[in-house]
Amino acid sequence: MRVFKHFNSITDASCPICNTKDDKKVVLVAKCGTKEGCNAEAVQVHLDCLELWYAVTDENINVIYQSW
């Protein structure tokens, strides 16, 4: 995952976790259902807002999710 040094505040969007446009490091997280070929729409998320967890379900499905 590529890390960007600054939040692109030109857009109206803010970080979906903290709801700010603070100028901190961000990553782009793809939106489900928007993939076309090798491209997808994405949202900027502050790197320090992410608290990702990894789990394997009873059906042996691997899941990475955001803890709130």
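The values are calculated or read from the model by the stated rules, or taken from the named source; none is laboratory data. Just so you know, these numbers come straight off a predicted model, no measurement behind them. Using ideal geometry, Cβ is built from the backbone for each residue, glycine included, and neighbour counts are taken over all protein chains shown.
Quick rundown of the values:
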quantity: Contacts under 9 angstrom Cβ, first residue in region 31-56 being exposed (fewer than 10 other Cβ atoms within 10 Å of the Cβ), partner modelled with pLDDT under 95 and among the hydroxyl-bearing types (Ser, Thr, Tyr), 6 or more apart; calculated: Leu52/Tyr65; Leu52/Ser67; Trp53/Tyr65; Trp53/Ser67; Tyr54/Tyr65; Ala55/Tyr65
quantity: From the options Asn19, Asn62, residue that is exposed (fewer than 10 other Cβ atoms within 10 Å of the Cβ) and modelled with pLDDT of 95 or more; calculated: Asn19
